[in-house]
Structure formats: structure tokens, C-alpha cells
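The values are calculated or read from the model by the stated rules, or taken from the named source; none is laboratory data. The model shown is predicted, which means the values in this text are computed figures rather than measured ones. So basically every Cβ, Gly included, is an ideal-geometry build from the backbone, and we count neighbours across all protein chains shown.
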Amino acid sequence: MKCSVFIKLVRAEDYVKNVLIFAPVFFAGKVTDSNLLPSLFAAFAAFCLISSSVYIFNDYLDREFDKLHAIKKYRPQAAGTVKGKTASFIALIFLLFGEMVAWWIGNESFWIFQIYIFQNILYSIFLKKIIFLDILIISLGYVWRIYMGGQIADVPITNWLYLMTILIMLTLSLGKRFTDLNVLESNVGNHSRAMIIPYTNKLLKVSISAIVFLNMVVYVFYTIYPNTINRVGSTWYFLTAIPVGIGLFQYARQILKIKNSVSPVQLLFQDNILKICVLVWLLAVAFFNYSPNV
């Protein structure tokens, strides 16, 4: 098997999503604590391994539908470059190694991984066919990452962080549904598309616009919340909302107006404005959280 095919099979590019595990320690100003890093990196590795096994399982079930998609038809199982038995074997190996790492991390973390696996199996089998519940399940998977990062580092997680995680993942998931919908409509027609994705173009446009706006409102309120100001020691923390706002509206523009058909991760790597917004936001948050005299 070619390395490029293997990378596509395990969806290695999506590993960047697992950095959410480090979010609690980053916002708490403890990312430089070397005592926390081994367990956090282990959790990151476990999520990468287990999520890959989940992706392979999901792609196996979706392989016939993926053949109708202009981009997903190139996925190894849909394209036939990897046979089902080979893919299943790789998924099992990744799952076993992921479970071993999860067991090493600790008892509570191990059971979080089991919940994550169980909910994704249900998602792959039938929950992804239920409108809005599908994207809520996806968002919940990233809440588990946040929770685990806080639990490992013994960092209390605010409801703000949970809420913002859910909202940003809803934004990305709705955007993905919108691009999938448009690609399928152009390839298989409205009737066949409706059998695959239970959304309409108008519904997704309204939902994405509303969630992007809600993301912005919630983040601004978070930055001016008294507890946040006391934690960072500055009333200027609201300035970090500028790159957040620009990034959110650029993402919405790419999805709704330009109708970019790539995945959110690919869009992040390809769009220079999004990359600059993320970098500026990270530097700004780091400045406020790690500078002693802001």
C-alpha cells in the first residue's frame, strides 16, 4: 500500500482536530507545565488512533454513497484501492493500540474513549441519517476531547469553553453538510441527494448564518465576562474577538458564496486569511494568558 493511500485511509489530516485536548491547559496558562505533557500527548495519540479506526469503519459503510461524490469517490475504500479486509485489519490494529494508550492514561480517560467509540459506531450506523442529531453527535465528540484535556491536567473547564466548542463544531459540521449537498446535487440530482443528506440548501444557509453569528456573540461575551477579565488580568481581552470574527465570516464566505467543496481542515490549510486569523488569535490569547504584566 502506498503511503499516500494509507494517509488518506486513516485520515491523518484530521488529526489536527485532536489538538483540542490541549485547549484547557492553554487557556489556563499551564501549557508550559512539563509534568502534564506526557499524559496530554498520550491522549492526543490515543484519539488519533481511535478516530482513524472510526473513520475507516464509517468509510466502509459509506463506500457506495461516496462513489457518487466528486471528492469522496477518491477515498481508498470508495475508489477500490484498499480492500475491505485490509481496511478492517488496519482499523482493528489502530483501535487496539489506541485502547492500550487509553488504558495507560487512566481509568476515567479509558471510559471516555469507550463512550466516544460507542457513540461513533451508532453515528456511522444510523444516527448520521437523523437531521441535526448527526451534527450534534459530531460536536459531542469534540466536547469529550475538551473534557479529557481538563481531566488529565486537573484544570476546571468553564461552561464558556464547552459552549464555544459545541458552536464552532456545529459551524464546521453544517458547512461540511452544505458542501456535500451541493456536490451531490451537481452529480446525482436532487432526488438521489435527498436520500443521502436529509438537509435542504436553504435550511443549511440559514443555519450556518445563525450559528456563525451566535459564535461571535458568545465569544465576545466570554471575553468581557468578569471572571475572564480577572483570570487574564486585562480588560483588553475582547481584542482577541477580532481575528475570531474575521475567521468565522471568511469561513462562511468560502462555504456559502464561493461554495468551496473541500473539508474544513483542508480549507484551513488552503485559505491564507483563515491561517492568519488562527495564528493571530493564538498569539493574542497566548499574550494575554502568559504575559505577567498585560
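Values for this structure:
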{"quantity": "Selection status of MET148, surrounded by fewer than 19 Cβ atoms within 10 Å (Cβ to Cβ), assigned to a helix (DSSP H, G or I) and among the hydrophobic types (A, V, I, L, M, F, W, C)", "calculated": "no"}
{"quantity": "Out of ILE50, ILE21, ILE93, ILE56, sole residue that is β-branched (Val, Ile, Thr) and more than 18 Å from the chain's Cα centre (by Cα)", "calculated": "ILE93"}
{"quantity": "Test for GLN77: is it polar (S, T, N, Q), in contact (Cβ under 8 Å) with a residue 12 or more places away in the chain, in contact with a Ser or Thr (Cβ under 8 Å, 6 or more places away or on another chain) and not assigned by TED's automatic domain parsing to the domain that holds TYR219", "calculated": "no"}
{"quantity": "Lone unmet requirement of (1) in a helix (DSSP H, G or I); (2) crowded, with 16+ Cβ neighbours inside 10 Å; (3) of a type outside the set (A, V, I, L, M) for THR81", "calculated": "(1)"}
{"quantity": "Among the residues listed as SER52, SER4, the single one being under 22 Å from PRO264 (Cβ atoms), modelled with pLDDT under 90, among the polar types (S, T, N, Q) and assigned to a helix (DSSP H, G or I)", "calculated": "SER4"}
{"quantity": "Among the candidates ASP33, ASP14, ASP66, residue that is charged (D, E, K, R), at pLDDT below 95 and closer than 22 Å to TYR116 by Cα", "calculated": "ASP14"}
{"quantity": "Any chance PHE94 is surrounded by 20 or more Cβ atoms within 10 Å (Cβ to Cβ), of a type outside the set (Ser, Thr, Tyr) and over 30 Å from TYR199 (Cα atoms)", "calculated": "yes"}
{"quantity": "Single residue of the stretch 210-246 satisfying the filter (among the polar types (S, T, N, Q) and loosely packed, with under 14 Cβ neighbours inside 10 Å) that is nearest to ILE135 (Cα to Cα)", "calculated": "ASN227"}
{"quantity": "Some residue of the stretch 24-37 being surrounded by 20 or more Cβ atoms within 10 Å (Cβ to Cβ), touching a residue at least 24 places away in the same chain (Cβ under 8 Å), more than 19 Å from LEU268 (Cβ to Cβ) and not hydrophobic (A, V, I, L, M, F, W, C)", "calculated": "yes"}
{"quantity": "Selection within the stretch 103-120 - under 20 Å from the mean Cα position of the chain (by Cα) and not hydroxyl-bearing (Ser, Thr, Tyr)", "calculated": "ILE112, PHE113, GLN114, ILE115, ILE117, PHE118, GLN119, ASN120"}
{"quantity": "Considering residues of the stretch 253-294 that are small (Gly, Ala, Ser) and at pLDDT below 90 only, the residue surrounded by the fewest Cβ atoms within 10 Å (Cβ to Cβ)", "calculated": "SER291"}
{"quantity": "Pairs, first not assigned by TED's automatic domain parsing to the domain that holds ALA286 in the stretch 235-258, second in a helix (DSSP H, G or I), C-beta under 9 Å, six or more apart", "calculated": "none"}
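Conditions (1) in the same structural domain as ILE211 (by TED's automatic domain parsing); (2) among the acidic types (Asp, Glu); (3) surrounded by fewer than 14 Cβ atoms within 10 Å (Cβ to Cβ); (4) outside any helix (DSSP H, G or I), marked per residue:
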residue: TYR60; (1), (2), (3), (4): no, no, no, no
residue: ILE90; (1), (2), (3), (4): no, no, no, no
residue: GLU99; (1), (2), (3), (4): no, yes, no, no
residue: GLN114; (1), (2), (3), (4): no, no, yes, no
residue: GLN119; (1), (2), (3), (4): no, no, no, no
residue: LEU122; (1), (2), (3), (4): no, no, yes, no
residue: ILE131; (1), (2), (3), (4): no, no, yes, yes
residue: ILE135; (1), (2), (3), (4): no, no, no, no
